[in-house]
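Working notes for the structure below.
Laboratory data are not the source of any read-out in this text; all were calculated from the coordinates shown. Note that the structure is predicted; figures quoted are calculated from it, not measured. Using ideal geometry, Cβ is built from the backbone for each residue, glycine included, and neighbour counts are taken over all protein chains shown.
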């Protein structure tokens, strides 16, 4: 991890967040649930950035009482994290936005990419997501890693499913499918509707996965990876 205190470099990285339309994870002080947002303006002369509204929308009510934020996003595959406090609250056409000073310091660190393995459609691996209201969403895992997964769905997904939302995720750990993995899961990307041959999907990360389950999942991923390589060899 590299600690940055060069505001010119920090500003340049913030500009990349803007240009690459990076989805940020935003944590409010004294509030455990993370939210999502994005940088929509970087003003180097004015020494501030503008942050888009928070998703889920409940964050926009909480932020007025919790203006101190921890923000994190990936720039060119490298994680950039920084703290900032909202200096001004605004709204345009009913959409909230927030003005923050460009931070004096930031953390910039490379995270090793987790091995991600495709799950064959010929041998589907079912997954069930459950929201806080008890509603179930049944799909099939497309790819799987120690950090998370992406799943496709035969039906459209409701627009109430948003990035930044936490769900419960459950599926049987391959290849023997005898033990179930249950984990909290944060949605990072979602496509709500089918588009031609492309199904609705969502992807995201596991939260607080137990070490024992993590080891079993790692072994399962290695098994799936070996099977995929053997199939490609023939």
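Annotations for the structure displayed:
- Under the simplified labelling scheme, the residue 184-residue 211 pair shows an inter-label distance of 2.0 nm, with each label point 7 Å from Cα along Cα→Cβ.
- Theoretical FRET efficiency, 1/(1+(r/R0)^6), r = Cβ-Cβ of residue 20 and residue 156, R0 30 Å, to 0.05: 0.60
- Potential lengthening of the chain between residue 115 and residue 12 amounts to 34.1 nm, from the contour at 0.36 nm per residue minus the alpha-carbon distance.
- Normalised contact order of region 116-233, rounded percent, pairs of Cα under 8 Å and 6 or more residues apart: 25 percent
- Highest mean packing comes first when the peptides 56-63, 147-154, 130-137 are listed by Cβ atoms within 10 Å, giving 147-154, 56-63, 130-137.
- Value at 222 nm in deg cm²/dmol, rounded to 500, when DSSP H runs of n ≥ 4 in the chain each add -39,500 (n - 2.57): -5500 deg cm²/dmol
- Chain lengthening between residue 227 and residue 57 when straightened (0.36 nm per residue, less Cα-Cα): 56.9 nm
- From largest to smallest, the equivalent ellipsoid semi-axes obtained for region 2-110 from the alpha-carbon gyration tensor read 21, 15, 13 Å.
- Three-way shape call for region 116-233 based on the alpha-carbon gyration tensor, with the a/c threshold at 1.5: oblate
- Here, the chain has an Rg and a Dmax of 19.6, 61 Å when only alpha carbons are counted.
- Distance (nanometres) between label positions extended 7 Å along Cα→Cβ at residue 193 and residue 5: 5.2 nm
- Spin-label pair residue 143/residue 176, simplified geometry with 7 Å Cα→Cβ offset, distance in nm: 2.9 nm
- The chain: angle of helix 7-19 to the longest principal axis, Cα-based, in degrees nearest 10: 50 degrees
- Contact order, relative form, for the chain: 15 percent (alpha carbon pairs under 8 Å, 6 or more residues apart, mean separation divided by residue count).
- Tilt relative to the chain, helix 211-233 - C-alpha long axis, 0 to 90 degrees, to 10: 60 degrees
- Extension gain from residue 89 to residue 65, taking 0.36 nm per residue of separation minus the Cα-Cα distance: 7.5 nm
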